[in-house]
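The values are calculated or read from the model by the stated rules, or taken from the named source; none is laboratory data. Just so it is clear, the structure is predicted and the values come from calculations on it, not from any experiment. For neighbour counting, all protein chains shown are included, and Cβ atoms are generated from backbone atoms with ideal geometry for every residue, glycine included. These accessible areas exclude ligands, DNA and RNA; they are computed on the full protein's heavy atoms, side chains included. Shrake-Rupley method; radii C 1.70, N 1.55, O 1.52, S 1.80 Å.
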Amino acid sequence: MSRHRWRRIAGRIGLAFSVFVLISPALLFFLWMLSLSLKTEADNVAYPPVLIPSELTLDNFREVFAKNDFAGYTLNSMIVSFSATGLALLVGVPAGYGIAKARASASAALILVARITPGLSYLVPLFRLFQWLDLTGTLLPIVITHLVITVPIVVYVMIGFFEGLPNELEEAALVDGATIWQAFRRVALPLARPGITVATILSFIFSWNNFVFAVVLAGRTSRTLPVAVYNTLTFEQISWGPLAAAALLVTAPVLLLTLLMQREIVAGLTAGGVKGG
Amino acid sequence: MPDGIDAPRETATRRKLSRRNYARSYWLFILPAGVVVAAVILFPWAFTLFMSLQDMHVGSAMSFAGLANYRRMLDDDRFLWAILRTLYFTSLSVFFPTIIGVAAAVCFNKHFPLRSLARTIFILPMMATPVAVALVWTMMFHPQLGVLNYLLTSAGLPPSTWVYDSATVIPTLVMVETWQWTPLVMLIVLGGLASLPADPYEAAQLDGANGWQCFRHITLPLVWPFILVALVLRAVDALKAFDTIFVISGGGPGTSSETLNLYLYQQAFAYYDIGFASAIVVVFFALIMLVTLLLMRRRSATS
């Protein structure tokens, strides 16, 4: 009996140690990122690296906003991600419903093929098209290309969700004389709220994170945040503090969203293996 | 009461009828998304195929080139190296995340305090903005001032050249990729583990099986389909990897970390050789398809 107990305690310690080893690369990375952004430049370029700073400063964040049109780029990113997600929900939620009900597996397969296509490959033809339409340098091409990411995510999550809903309620509505649209709008849609939440979060995050579309299509004023931060790296004298502060600002909304909505995010990712770009 | 007897049957036929009629109307739900997909996904595919047969540079007239763009690849050493490099990067970036991801899933499937917080921290790397993450890695890789070389030397190990040497750049990028995408493997496998029945384990424990035997002979075969799904997705994503490589090494030093996706970017948006770039897209897509189908075939063969 006591041997059994010892083994259980050993197992617990082993598990605690494994979990510690598993999460420390992520934990240490983000703590280091935070530390770089809060330290003075002297501390940041010191060797050996300053692990525990003597003083904390917000100067790096101030410099990010002072030197660049960071607020403008944030607005760009918000416009792009919200529009791309909104449009994707508008067409993607009904499509997920239709595909689930009609069992149109060919359409679902198309979504999967879109999932495996490299994002860059859409850009070669679309870049030509936008040049021809004289749209480069505006936000519109960026929103349109982001649909390449958001529409498949929304459709994919919603197919899975609508397939899991019982049919009986809508059938009852149809028998009672509701039109198919009313059955969708009044019965299926309210039930699908959790699924729509998952689809919205994932679609927003992967649109927010996207880099490749905007790096090709954006002009000086239409940059999204990831592109703006990348340009800070290439075109300016590199100072680590402001760079880390900018990187942290770009990814902070996503990290917060992940921490707050972790259950929805885990559910969505586990079901679909969704990933943008 | 004839009405009362017939009512259920009537409802049933009506239901069947209505279902048949409605099946066609469901296409109306798919139509708007279909239009969007046709415009931003199908049209680019078709246009790419067309352009790959053209001699097309920005600023000059387009002319039909037949298969010249494809033939050119065979003599293009930089292209062929990019393919080999992509396969090298991909195989390592599938191997490590899969092994670690399965181990992590087994850990996170157990109950312990603060489990959901630990799991959330573990998946942060895959949610964080890749460009932001890549910038911080770049600072950490700095040969003199970077924190990673400090950690190595503190542990009594020689410092590494990380992304500043052609021998170490790809393993370093694989490390970043592993850090970033192991969580996705973990989540998919965790989904599989959560659906496992409890009784085989109880039976095995009665027979005196130890933890490793349980894992090897019960868990692994049962979650194998999930592991294969994770493997396929990992392979596809590693083949397509762009953001972190582009930001951290830019394909360098020289071309020593230039994968196919990076080379494609150069051809399309640095040299503006649109015809050739389109041909690369077609071959790239075929390569991804091929790898996916090969892995899927293994999936059906093993299950």
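Below is a table of values for the structure above.
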quantity	calculated
Formal net charge of residues neighbouring A:Leu15 (Cβ-Cβ distance under 11 Å; K, R +1; D, E -1)	+4
Spin-label zone in region B:44-74 - amide nitrogen under 11 Å from a point set 7 Å from the Cα of B:Tyr272 along the C-beta vector	B:57-61
Highest to lowest packing among A:21-29, B:120-128, scored as the average C-beta count within 10 Å	B:120-128, A:21-29
Peptide A:161-172 - average C-beta neighbours from other chains (10 Å radius)	1
Order of exposure, largest accessible area first, which applies to B:Ser195, B:Ser257 with probe 1.4 Å	B:Ser195, B:Ser257
Over region B:93-166, equivalent-ellipsoid semi-axes from the Cα gyration tensor in Å	29, 16, 14
Choice from A:Leu15, A:Leu248, A:Leu169 showing the highest fluctuation, given a GNM over chain A with Cα pairs closer than 10 Å	A:Leu15
Mean accessible surface per residue for region B:210-276, computed with a 1.4 Å probe while every protein chain stays in place, in Å²	32
Kyte-Doolittle mean at least -1.0 and Cα axial length at least 27 Å: DSSP H helices in chain B	B:2-37, B:77-108, B:169-194, B:220-240, B:274-302
Region A:67-98-region A:189-213 distance, computed between alpha-carbon centres (Å)	10
Relative contact order of region B:99-214, defined on C-alpha pairs under 8 angstrom at six or more residues apart (%)	36
Cα-only Debye scattering, the protein assembly as shown: base-10 log of I(q)/I(0) at q = 0.10, 0.12 Å⁻¹	-0.93, -1.29
Taking only Cα atoms of chain A, radius of gyration then Dmax in Å	23.5, 79
Partner chain coverage, peptide A:251-261 - average Cβ within 10 angstrom	4
Accessible area that becomes buried as B packs against A, both chains, 1.4 Å probe, Å², nearest 100	8300
With every protein chain in place, chain A: carbon and sulfur % of accessible area (1.4 Å)	65
Cα gyration tensor, chain B - rounded (a/c under 1.5), prolate or oblate	oblate
Modelled FRET efficiency - R0 45 Å, A:Ser54 with B:Trp212, Cβ distances, 0.05 increments	0.40
Top of B:Glu202, B:Glu258, B:Glu177 by mean-square fluctuation, Gaussian network on chain B, Cα under 10 Å	B:Glu202
Max mean-square fluctuation residue, GNM over chain B, Cα-Cα springs under 10 Å, options B:Asn261, B:Asn69, B:Asn149	B:Asn149
Relative contact order for chain B, counting Cα pairs under 8 Å that sit 6 or more residues apart, in percent	28
In region A:1-94, GluC sites (Glu not before Pro) in a DSSP loop with at most 14 other beta-carbon atoms within 10 Å	A:Glu55
A:Glu163, A:Glu171, reordered so the largest accessible area comes first (probe 1.4 Å)	A:Glu163, A:Glu171
Taking all pairs of distinct alpha-carbon atoms in region A:1-121, Kirkwood radius in angstrom	20.8
Projected label distance in nm at A:Val21 and A:Asp134, using a 7 Å step from Cα toward the beta-carbon	6.3
Solvent-accessible ranking of A:Trp208, B:Trp27, B:Trp212, largest area first, probe 1.4 Å	B:Trp212, B:Trp27, A:Trp208
Column: log10 I(q)/I(0), Debye, Cα scatterers of region B:176-247, q = 0.13, 0.15, 0.22, 0.28 Å⁻¹	-0.50, -0.61, -0.94, -1.21
